[in-house]
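Here is the structure we will look at, set down as structure tokens.
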Amino acid sequence: MAPLIRVIGSLNADMVSVTPRFPDAGETITARSFFTSAGGKGANQAVACGRVSRPNPASSRTASESPVQVEMVGAVGGSDGHFTALLKPTLEKSGVDTSRVRVVEKAYTGVAVIIVDESAGGENRILFSPGANYEGMQPTPAVLGMGLAAPIPDVIVMQAEIPVETVVGTLRAIGAYKAQRRAEGKRGIEAGPDVMFNPAPAPPGGLPEDVYAAVDHLIMNETEAELMTPPTAQLVQTVPDAAGLEVKEQVARYFHKLGVTYVLVTLGSKGVWYSASDAEQSRFTNQIPAAPVRKVLDTTAAGDTFMGTYAVEVARWRERRRAEGQAGQDLTTPQDKADRYGRVMDAAMHRAARASARCVERQGAMDSIPWEDEIVEI
């Protein structure tokens, strides 16, 4: 059976204006173009999971591996037609199951107003109106139970465009489930799903420290990393050996101390840096350069494409562990750890970087996310 990725997050209608530059305060300028497209960090990441794991249906190419199953969990408004006319068709054509998306009557679908600056290499500024992403995703028992609803997924992907209380409650529920599984003697991937958290937008003040026990993969850009960690003086009280180190080292050691195994910091045009470490202090780090880009048109969905591609690589690694009869085994030998924390991570980072490079060469959010057969080197 194909591995299952469940994405819990936002669904938006993106309203995009492409301008020659950002307007100054009080200034009106004429946009070069305008379009509306499906978006939302949750939906973008779900589409990325679906597309990078299967070839474009319009092509004649066959998949290199079996496609993953992808589910979207979120909420849209019933007071507009954005879900039926825009979001649902795009998600389903990308291989995403939308049966867990709730329609909230008398609410509006979330909207992101995006300005793309052509003079700055496709950089963007975004205003987010959450709408049903907040109204329909409050931390009720039904919403908090969606992460672990049967069948238990291989990978759970979360962001922060839904209420922070829901993020915290969901992570605590997953953390309790995984702790119970290990107490029952389950090991390896049988102990529970891999959990990925992308704190975008970064919650003010970060999250309570205890929730990170449920997070296996923390993926942030440099700004988010700074916002999610406490001030240096407070950080070194938790991790004394981080004093005097560069920022990304301090960030990684802090979150490793809280229980996160994989800490990834995306660096834009400089690529991505990662640190992988377990409770036994086996640690691997590396910085992978950004993949070559023909011409940057729009960076809106680059981070979401990276996240989705990485999620697919993790899901397929879990599938290989099952196929090799190792699903119930922890990583214990130096060889196993070097393979998972080093070789597998390097390969996943390179592939995610290539996918992001293809994404920024196109305009739009979901529309720019590449299919598997489009992730090529140049």
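The values are calculated or read from the model by the stated rules, or taken from the named source; none is laboratory data. None of these values were measured; they are calculated from a predicted model. In this analysis, Cβ positions are derived from the backbone assuming ideal geometry, glycine residues included, and neighbour counts consider all displayed protein chains. Heavy atoms of the whole protein, side chains included, go into the accessibility calculation; ligands, DNA and RNA do not. Shrake-Rupley method; radii C 1.70, N 1.55, O 1.52, S 1.80 Å.
A few points about this structure:
- Computed with a 1.4 Å probe over protein heavy atoms only, the accessible surface of region 248-378 comes to 39 Å² per residue.
- Taking a straight line from the alpha carbon of LYS93, these lysines sit under 20 Å away, with near neighbours fewer than eight places off in the same chain left out: LYS41.
- The base-10 log of I(q)/I(0) for region 46-109, evaluated at q = 0.14, 0.16, 0.25, 0.30 Å⁻¹, reads -0.45, -0.56, -1.00, -1.25 [Debye formula, identical scatterers on Cα atoms, solvent excluded].
- Remark: region 204-215, residue by residue, has Karplus-estimated 3J(HN,Hα) of x, x, x, 10, x, 4, 5, 6, 5, 4, 8, 8 Hz, where x stands for each Gly or Pro and the curve is 6.51 cos²θ - 1.76 cosθ + 1.60 at θ = phi - 60°.
- Protection proxy ranking, highest mean first, for peptides 244-253, 109-118, 154-163: 154-163, 109-118, 244-253, where packing is the per-residue count of other beta-carbon atoms within 10 Å, averaged.
- When only alpha carbons of region 227-342 are considered, Rg and Dmax amount to 16.5, 46 Å.
- Ranking PRO141, ALA202, MET1 by how far each Cα lies toward the positive end of the dipole of the chain (charges on Cβ) leaves MET1 at the top.
- Across LYS178/LYS257; LYS186/LYS270; LYS257/LYS337, pairs whose alpha-carbon gap is larger than 28 Å: LYS186/LYS270
- Note on region 4-373: with neighbouring protein chains present and a 1.4 Å probe, carbon and sulfur make up 52 percent of its accessible heavy-atom surface.
- Between helix 247-257 and the chain there is an angle of about 50 degrees, using the helix long axis and the longest principal axis of the Cα atoms.
- For the chain, relative contact order (Cα pairs under 8 Å, six or more residues apart, normalised by length) works out to 20 percent.
- Only Lys, Arg, Asp and Glu carry charge here, each on its Cβ (+1 for the first two, -1 for the last two); on that basis the chain has a dipole of about 680 debye about its Cα centre.
- Pairwise Cα separations in the chain fall into 10 Å bins from 0 onward with the following percentages, short to long: 5, 24, 35, 26, 9, 1, 0.
- Antiparallel DSSP beta bridges within region 4-373, as percent of all bridges there, nearest 5: 40
- Cα gyration tensor category, rounded, prolate or oblate, for region 91-220 with a/c compared to 1.5: prolate
- Taking the helices alone, the chain has a mean residue ellipticity at 222 nm of -9000 deg cm²/dmol, built from -39,500 (n - 2.57) per DSSP H run of at least 4 residues and averaged over all its residues.
- Using the Cβ-Cβ distance between ALA279 and GLU65 with R0 set to 30 Å, the FRET efficiency from 1/(1 + (r/R0)^6) comes to roughly 0.45.
- Of the beta bridges in region 214-322, as assigned by DSSP with both residues counted there, near 70 percent are antiparallel.
- For region 144-262, the mean projected area of the C-alpha convex hull, equal to one quarter of the hull surface, is 7.5 nm².
- In loop segments of region 274-316 as defined by DSSP, the trypsin sites (Lys or Arg not before Pro) with at most 15 further C-beta atoms inside 10 Å of their C-beta are ARG294, LYS295.
- Amide hydrogen neighbours beyond the local backbone of VAL195, cut-off 5 Å, H modeled: ILE156, ASP216, HIS217
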